[in-house]
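Colleague: The structure that follows is given in the form of structure tokens.
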Amino acid sequence: MTLGTVSAAASGTWLLGDLTVNRIGFGAMRLTGSAAFHEGTPSDRGQALAVLRRAVELGVNHIDTAAFYFSRLRSANELINSALAPYSDDLVIATKVGPARDASGRWADSARPDQLRGQVEENLRQLGRDHLDVVNLRIMGQESISEHFGALAELRDAGLVRHLGISNARLEHLDQAQAIAPVVCVQNRYGIDAPNGEAMLRTCAARGIAFVPFFAIAGEGREAGAVRAEHDEVCAVARAHGVSPAQVRLAWTLQQGIHVLAIPGTGNPDHLVDNVAAGGLRLTEEELELLSSPGHATLGP
């Protein structure tokens with residue numbers, strides 16, 4: 001795929017409830033600065049707005065964000081609103097609630113069930129929406145999420161939220177949530193460096209639920225980004241296809257199932273095009289197997 005023909009549509013589509021999205025989307029966390037929503041160098045506002053607009057031009061119609069994605073000078077939701085409102089009818093914006101930060105950016109206790117409405121309304125105000133397409137409950141270590149998810153289900157019934165999902169979840173959390181209301185997606189850490197999500201990946205496939213991995217490119221670098229030395233296997237596959245290691249990581253992720261959605265984030269316009277192009281990259285079975293056990297496998301002759 002040449003740069004002139006890059007389109008998120010090459011990744012295929014999936015339904016989030018009744019909303020059709022291209023399987024490669026965009027994560028807004030890194031728009032707020034060089035160290036995500038932690039202390040770091042503020043992002044360039046003009047460039048961040050340009051990246052969002054370019055993402056939509058490239059066919060991205062699934063954007064992941066949260067009100068707690070903010071740094072000293074940047075708010076992901078405000079950037080999305082400024083760049084993309086009025087929103088196109090096919091653009092799906094997914095957000096998260098549960099974690100809480102005070103005005104200085106310090107993490108506070110996670111929200112109680114009765115505080116989730118305030119978090120939903122905060123996202124509505126910042127995004128300039130009258131409803132949220134998808135709201136994910138970010139689970140912060142609690143054993144039972146029934147009260148929290150039940151509170152979100154009430155907001156769904158009230159029309160403030162269209163669809164619900166969960167994030168950072170275990171299988172029992174999915175069962176608890178589905179006993180209350182439909183779950184359209186699960187956001188968990190998963191990738192070449194984090195294979196422990198296989199059980200959730202398979203369960204979501206069996207139940208027709210989107211599986212949305214985060215840190216697919218960053219791997220072990222997590223919030224800090226792709227700061228660690230890349231695996232030799234990833235580099236070898238990238239050289240074979242003439243693409244970047246990031247594209248290989250995203251292609252591997254997408255090929256784990258047709259229900260898998262990718263939400264790579266970047267504030268760099270060149271990286272954005274590279275990430276979206278990964279939706280058209282197809283790896284061989286041998287390459288997929290090699291990448292599933294980096295550091296332990298070798299390419300065949």
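Each reported figure results from applying straightforward, stated rules to the coordinates on display, with no laboratory input. All values derive from a computational prediction rather than experimental measurement. Neighbour counts are summed over all protein chains in view; Cβ atoms, including those assigned to glycine, are modelled from backbone coordinates with ideal geometry.
Colleague: Compute the helix-to-body angle for 232-241: its Cα long axis versus the longest principal axis of the chain, expressed 0 to 90° and rounded to tens.
Modeller: Rounded to the nearest ten degrees, it is 70.
Colleague: Okay, next question. What list of ³J(HN,Hα) values in whole Hz, one per residue of segment 61-76 in order, does the Karplus curve 6.51 cos²θ - 1.76 cosθ + 1.60 (θ = phi - 60°) give from phi, with Gly and Pro shown as x?
Modeller: Karplus-based 3J(HN,Hα) across segment 61-76 equals 10, 9, 10, 9, 8, 5, 5, 7, 8, 8, 10, 4, 10, 10, 10, 4 Hz.
Colleague: Let me ask something else. Run the dipole for segment 109-196 about the Cα centre, Lys and Arg Cβ at +1, Asp and Glu Cβ at -1, nothing else charged, and hand back the magnitude in debye, nearest 20. Intermediate values should be presented prior to the final figure.
Modeller: Numbers: 9 positive and 13 negative charges, 47 e Å.
Using only the charged Cβ atoms, the result is roughly 220 debye.
Colleague: Taking H placed 1.01 Å from N in the peptide plane, check which residues at least 5 places from R101 or on another chain put their amide H under 5 Å from its amide H.
Modeller: Those lying under 5 Å, H to H, from R101 are A108.
Colleague: Along segment 7-20, what does the Karplus equation 6.51 cos²θ - 1.76 cosθ + 1.60 (θ = phi - 60°) give for ³J(HN,Hα), rounded to whole Hz, x for Gly and Pro?
Modeller: Taking θ as phi minus 60°, the curve returns 8, 5, 5, 5, 7, x, 10, 8, 9, 9, x, 9, 10, 8 Hz for segment 7-20.
Colleague: Considering only DSSP beta bridges with both partners in segment 157-290, what is the antiparallel share in %, to the nearest 5?
Modeller: Antiparallel bridges: around 10 percent, rounded to the nearest 5.
Colleague: Tally the DSSP beta bridges in segment 134-197 and give the antiparallel ones as a percent, rounded to 5.
Modeller: Here the share of antiparallel DSSP bridges comes out near 10 percent.
Colleague: Calculate the dipole size of the chain relative to its Cα centre from +1 charges on Lys and Arg beta carbons and -1 charges on Asp and Glu beta carbons; express the result in debye to the nearest 20.
Modeller: 480
Colleague: Pull out the extension gain between E143 and A108, defined as 0.36 nm times the separation in residues minus the alpha carbon to alpha carbon distance; nm, one decimal.
Modeller: 10.7 nm
Colleague: Also, I was wondering about something else. To the nearest 10 degrees, how steeply does helix 245-254 sit against the main Cα axis of the chain, on a 0 to 90 scale?
Modeller: It works out to around 60 degrees.
Colleague: Helix-only mean residue ellipticity at 222 nm, the chain, DSSP H runs n ≥ 4 weighted -39,500 (n - 2.57), per residue, nearest 500. What is it?
Modeller: Roughly -10000 deg cm²/dmol at 222 nm, from the helical runs in the chain.
Colleague: Pairs of Cα atoms under 8 Å, at least six residues apart: use those to get the relative contact order of the chain, whole percent.
Modeller: 20
Colleague: Quick query: amide H of N188 versus all other amide H atoms, modeled in the peptide plane; which residues come in under 5 Å with a sequence gap of 5 or more or a different chain?
Modeller: Residues meeting the criterion, in which the H sits 1.01 Å from N, are N168, V212, F214.
Colleague: For the residue pair L49 and A236, what label-to-label distance in nm results when each label sits 7 Å from Cα along the Cα-to-beta-carbon direction?
Modeller: 4.7
Colleague: Under the rule of at least 5 residues apart or a separate chain, name every residue whose amide H is placed under 5 Å from the amide H of L132.
Modeller: Distant-sequence amide H within range of L132: V161, R162.
Colleague: Report, for the chain, the % of DSSP beta bridges that are antiparallel, rounded to 5. Working shown, then result.
Modeller: On the way: 9 of 34 bridges.
Close to 25 percent.
Colleague: Follow-up. At a 10 angstrom cut-off on C-beta neighbours, averaged per residue, how do the peptides 200-208, 130-138 rank from highest to lowest?
Modeller: 130-138, 200-208
Colleague: Further question: Once phi is turned into θ = phi - 60°, what whole-Hz ³J(HN,Hα) does the Karplus curve with 6.51, -1.76 and 1.60 give for every residue of segment 267-279, x standing for Gly and Pro?
Modeller: x, 9, x, 5, 5, 4, 4, 4, 5, 5, 4, 4, x
Colleague: What's the whole-number percent of alpha carbon pairs in the chain lying beyond 32 angstrom?
Modeller: Working: 9756 of 45150 pairs.
In whole percent, the share of Cα-Cα pairs in the chain beyond 32 Å is 22.
Colleague: P(r) for segment 125-165: what percent of alpha-carbon pairs falls in each 10 Å bin, starting at zero?
Modeller: Calculated P(r), rounded to whole percents: 29, 50, 20, 1.
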